[in-house]
Amino acid sequence: MTELDMFLEEKDEIALNTRINLLRDRISPETKALTTIVIKSVRETQLPNGSWGNTIYKTIPTLRLLVDAHKHTTALFQKGFDWLLSLKGPSGFHEYSEEGQKVYCRDEYCPYGSELGSPELTGRVLHLCGKVGFTNPAIDEVIESMKQFQREDNGFHGPQFWEHDKKSCIGATLWLTRGLLKLNREPEIVEGAINFIENAEITHNVYQFSTSALALETLYLYNPEKTECVNAHIDYLLSLRNGNTTWNLGSNQQDRKEYRHRLFTVLKAISKFDPDIIPDLQ
């Protein structure tokens with residue numbers, strides 16, 4: 001079984017994302033049939049409030065898939081998008097709720113989500129807004145509020161960390177920069193953030209694969225040409241491949257669906273700069 005076969009082995013959102021974003025196929029009978037199956041599942045799993053899983057981390061990827069599948073004008077998308085916009089707070093979009101003095105994160109798979117702060121989550125929302133061309137005074141307010149989280153090194157970090165350390169967070173910086181780039185906003189802030197991103201060290205750990213993939217996605221929006229930084233991230237990701245069959249993509253790779261999702265994320269990012277990697281999978 002090739003890696004491409006593995007992506008397509010289930011009739012799920014990963015397979016549809018693969019057909020749309022890696023194979024660039026939207027119109028074949030196979031893609032149309034798969035789209036019908038996946039959209040039915042998406043509709044059945046949407047909660048009454050419009051979200052999926054009551055969390056940004058599950059709702060945004062679903063909405064992004066609906067956009068890629070050209071379903072963003074449907075009531076299904078709008079209900080989810082409206083829920084997302086309802087999470088706007090005074091310091092950006094948030095993933096958590098407060099009960100008494102304790103903060104609870106909605107996402108059971110990311111128990112520390114509330115400590116990630118607003119920049120990362122806001123960046124995810126801004127990127128989606130850019131994909132659908134959504135502009136609104138509320139988005140202007142959010143972008144303005146994000147400026148308070150930029151540090152002297154031009155990176156960003158959330159309010160939970162102001163007193164914990166003096167470092168910016170590469171994840172928060174990447175997501176917010178990607179969002180601003182997609183909206184074509186705040187070029188001066190973006191310039192500084194890109195400089196921070198290009199100087200960030202690539203350190204092998206269980207999260208670096210996702211950081212490098214996001215870095216490639218972000219850098220491609222800024223400049224679609226290969227740079228020294230781009231090559232470094234591509235080389236790192238390719239170094240995680242064990243032979244021709246498996247990749248070392250962090251911990252908890254026993255979950256087949258999670259592994260397929262992680263590998264799709266990596267290959268989609270690499271293919272921005274090296275589209276020839278897709279034929280190599282077949």
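Brief remarks follow.
- Distance histogram in 10 Å bins (all Cα pairs of the chain, percent per bin): 6, 27, 37, 25, 5, 0
- For the stretch 258-273, putting each phi into the Karplus relation 6.51 cos²θ - 1.76 cosθ + 1.60 with θ = phi - 60° gives couplings of 5, 4, 4, 5, 5, 5, 4, 4, 5, 5, 4, 5, 4, 5, 4, 9 Hz, in residue order, rounded to whole numbers and with x for Gly and Pro.
- Charge dipole (the chain, unit charges on Cβ, about Cα centre) - positive-most of Leu66, Leu176, Val230: Leu66
- Counting other Cβ atoms within 10 Å as a rough exposure proxy, the listed residues Asp5, Asp276, Asp12 run Asp276, Asp5, Asp12 from fewest neighbours to most.
- Ranked by the mean number of other Cβ atoms within 10 Å of their residues, highest first, the peptides 167-174, 31-38, 149-156 come out as 167-174, 149-156, 31-38.
- In this structure, the residue pairs whose Cα-Cα separation is over 25 Å, taken from Lys11/Lys268; Lys147/Lys226; Lys58/Lys131, are Lys147/Lys226.
Bear in mind these aren't lab numbers, they're just calculated from the coordinates by the rules spelled out. Keep in mind that what you see is a predicted model, and the values were worked out from it rather than measured. So basically every Cβ, Gly included, is an ideal-geometry build from the backbone, and we count neighbours across all protein chains shown.
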